[in-house]
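Let me begin by presenting the structure, written as structure tokens, before commenting on it.
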Amino acid sequence: MSKHKLPQAVEVRQPVQLDDTDRAIVAELREDGRLSMRALAEKLHISRASAYTRVERLVTEGVITGYTASIDPERYGFGISAYVYLKISQHSWKAVRRQVLQIPEVWHGALVSGENDLVLLVRTQDAASMRELVLNTFQTMPDVLATQTVLILDELSGPRKSL
């Protein structure tokens with residue numbers, strides 16, 4: 001028997017069976033998460049009871065994972081945004097993930113294929129704080145081998161907008 005530890009299986013989440021009404025509910029709530037059940041039911045021409053039941057099922061089955069406020073980053077005080085690409089040492093994904101999740105300036109992160117391992121959407125107040133984040137936070141993490149920072153000059157879409 002081998003002494004090598006087998007890699008753990010990655011959790012695969014199966015899609016939930018959704019009909020057109022479920023998809024319409026999700027679309028409406030993505031547009032306005034504060035929409036009342038009454039207004040949702042009226043927009044979709046379904047009963048309030050059906051709206052409640054369907055939304056509860058979508059939450060229970062993990063399709064809807066929460067509700068959040070969308071903000072304008074610049075008006076909130078984040079004057080500079082960037083994508084920071086991290087190249088990390090092999091088998092360090094979980095450790096780096098734990099560290100990155102603790103950084104409030106990280107708005108989104110993804111494990112990706114290709115030359116880099118992680119891509120992070122980060123937002124800071126100004127260039128000095130971006131420099132501090134990249135040089136003294138990301139580049140000093142033990143498992144980070146290299147970083148690449150790409151400044152965002154303008155965003156093509158934002159909260160509730162589409163291309």
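So that you can scan it fast, the table gives a plain yes or no per residue for (1) out of contact with any Pro (no Cβ under 8 Å at 6 or more places or on another chain); (2) at pLDDT below 95:
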site	(1), (2)
82	yes, no
88	yes, no
94	yes, yes
102	yes, no
110	yes, no
116	yes, no
123	no, no
131	yes, no
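Sort out which residues of segment 44-82 are basic (Lys, Arg) and surrounded by fewer than 16 Cβ atoms within 10 Å (Cβ to Cβ), and write them in order of number.
Listed by number, the residues that qualify are 48, 57, 75.
Quick grid of which residues meet (1) touching a helix residue (DSSP H, G or I) at 6+ places or on another chain (Cβ under 6 Å); (2) without any contact (Cβ under 8 Å) to a residue 12 or more places away in the chain; (3) open to solvent by less than 60 Å² (accessible area, probe 1.4 Å); (4) part of a strand (DSSP E or B):
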residue	(1), (2), (3), (4)
85	no, no, no, yes
98	no, yes, no, no
110	no, yes, yes, yes
114	no, yes, no, no
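The values are calculated or read from the model by the stated rules, or taken from the named source; none is laboratory data. Note that the structure is predicted; figures quoted are calculated from it, not measured. Because the Cβ atoms are built from the backbone with ideal geometry, glycine has one as well, and the counts that use them run over all protein chains shown. Side chains are part of the model used for accessible areas, which takes the heavy atoms of the whole protein and leaves out ligands, DNA and RNA. Shrake-Rupley method; radii C 1.70, N 1.55, O 1.52, S 1.80 Å.
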